[in-house]
Amino acid sequence: MANLKSAMDSAFWDQSISTPQTLDATAKSIPGEPFPLDGARGSRTLRIQQLSILKNGFPLGIIPSLSPPSQKELGSFSLQSLLLGPSTSNWWLGLVGQFRPKKLISAIKSELRVHTQRTDEFELSVFRDVAKRFLDKSLYSIALATQLSLFTSSSLIWSTEKHGEKKGYRNKFRLYHQLPDHDITLDAAWPELFIDHKGKYWDVPESISLDLSSLPSESGLLYRFGIHKNSGHPRALSAVDGEPPSALMPGLCAKAAFSYEKSKDFWRQKETKKDTIVKTDKGSFWRPSYDVRLEEAHAAISGIIGGTCAAWFGGRKSSTSAESQGEGDVPLNINKRSPLNVDLFGSVCYTFQLGHFRKLYGDLTRVDARLDINSLSSLTGRIFKGSSASSVDNSLSSPRLNLIFQQQVAGPIVFRVDSKFLLDSKSGKRGPHIEDVICSLNYSLRLLRSGKVVAWYSPKRKEGMIELRLFEF
């Protein structure tokens, strides 16, 4: 099934989105915005742990990625590598380095061109000038992360990173504790990077979250409680029209959410032990599916419905202070933010899969179609009150249709396209139109049962990277 849990996770501040903008490869989605694409969700495996495995499949352990830089001359192409990775039974440490070669290559070409115009002979000074180009700190970024298992059910994660072309450090802290039926998570970051539904990035100077969430149960009922605090005013990473999202403005928010999920099979071909045994002239061999989550052909429908209740405290005092300092645009979104908000959301998904993903060719074709209602109150308000040209655009008032197409290319390699359509005829375009798309190649790792190496690219964000994902779909 397409991930229905995104509906409730999108209401909180800790839903990770994959991005090469940071060395830990994640940014957070913004609560109160449309649900992200399934293919955009961040890996549950920490980036440093990913690199420790991915390096075995790349020359010299160097993994490439694409992301627009803060300085255009640096170029979008970058190379990452795990420089250090000691570990014990309950502790590990990782040091990651990143290098952007475009500026260096351009500088060396320019240096040699100037020299050849003066003389045909190379002098020692030329090599000295070229060597100095390697010392440009804007070419490099570095990150240090560590994880410590405090008890069998508790762990602590801390990381910090520094980008040579930027000032300051990016720090993150997480404390995780697992109870028999619940998870408790404390997250803190200064600053924290968020991404909105338009693909724009925002830095919040300080972000702290404390969450209690129930574990999935057979009944399909999930609930979650959280407290979140923003400090400081969000800053766009690039030139962005409009105001910062209200959910990122300073203040304290207490939020509760619940959801009920249900699924029904129209038909399903159950895998048997006989299906996994292949007989040849050399004997019988066990050949399971490349991914246990794709081992059964089926057609099914699933759905989720839930609600949220949020209460905001503070923020207006700091907005007044910001206004007095000349930041006139800052307080507008705080004034629009309701101190108390109650809403409903829902999604329904249809899945159709042919094949068992065991053979070398033609054994997997799968389509997931998911309709998302992000905010029932916004949708009903749009239907009954209508919209006018002067009204403020509400991104939650229109349903979204998410389509996921997967096709086996050869063996464990699967081509996948995640797309999202905005079902809105009043936004300046006629009828439904595409809002976002991510294309990827997935290499399933049979030994991990449900692990895969994913190489994805987002045309909207002009970003791409290679990740390791385990037991994710």
I want to check the label-to-label distance for I277 and C439. Put each point 7 Å from Cα in the C-beta direction and report it in nm to one decimal. 4.3
Between segment 191-266 and segment 119-187, what's the alpha-carbon centroid distance in Å? 24
4 °C / 1.567 mPa s Stokes-Einstein diffusion coefficient of the chain, Kirkwood radius on C-alpha pairs, µm²/s: 52
Please enumerate, by chain and number, the lysines with C-alpha under 22 Å from the C-alpha of K264, excluding those fewer than 8 residues away in the same chain. K5
Compare the peptides 179-188, 339-348 by average per-residue count of other Cβ atoms within 10 angstrom and give them in order, highest first. 339-348, 179-188
Mind giving me the FRET efficiency for I105 and A410? R0 is 25 Å, r the Cβ-Cβ distance, nearest 0.05 is fine. 0.10
Potential lengthening between F352 and F258 on full extension [0.36 nm per residue; Cα-Cα distance subtracted]: 31.1 nm
Could you work out how much longer the chain between N90 and L175 gets when fully extended? Use 0.36 nm per residue separation minus the Cα distance between them, nm to one decimal. 29.1 nm
Given all pairs of different Cα atoms, what value in angstroms does the Kirkwood hydrodynamic radius of segment 27-136 take? 17.7
Show me 354-362, 15-23 ranked by packing, highest mean number of other Cβ atoms within 10 Å first. 15-23, 354-362
Roll a 1.4 Å probe over the protein chains and send me the accessible area per residue for segment 204-251 in Å². 49
Quick one: which of 252-263, 166-177, 38-49 comes out on top by average Cβ neighbours within 10 Å, and what's the full order, highest first? 38-49, 252-263, 166-177
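Give the carbon-plus-sulfur fraction of the accessible surface of the chain in %, rounded to a whole number; probe 1.4 Å, heavy atoms of protein chains only.
Numbers: 14800 of 24350 Å².
That share works out to 61 percent.
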Where nothing but the Cβ of Lys and Arg (+1) and of Asp and Glu (-1) is charged, how large is the charge dipole of the chain around its Cα centre, in debye to the nearest 20? 700
Do the alpha carbons of any pairs in K137/K162; K167/K198; K385/K420; K279/K359 sit beyond 18 Å of each other, and which pairs? K167/K198; K385/K420
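In percent, what relative contact order does the chain have, based on Cα pairs under 8 Å that are 6 or more apart in sequence?
Result for the chain is 13 percent.
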What distance in nm separates the simple spin-label points at F285 and K132, each placed 7 Å from Cα in the Cβ direction? 6.1
With a Förster distance of 30 angstrom and the Cβ-Cβ distance between R113 and A455, calculated FRET efficiency to the nearest 0.05 equals 0.30
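The values are calculated or read from the model by the stated rules, or taken from the named source; none is laboratory data. Treat the numbers as computed from the prediction; the structure is a model and nothing was measured. Cβ: placed from backbone, ideal geometry, glycine included. Neighbour counts: every protein chain shown. When the accessible area is computed, the model is the full protein with side chains, heavy atoms only, and any ligands, DNA or RNA have been set aside. Shrake-Rupley method; radii C 1.70, N 1.55, O 1.52, S 1.80 Å.
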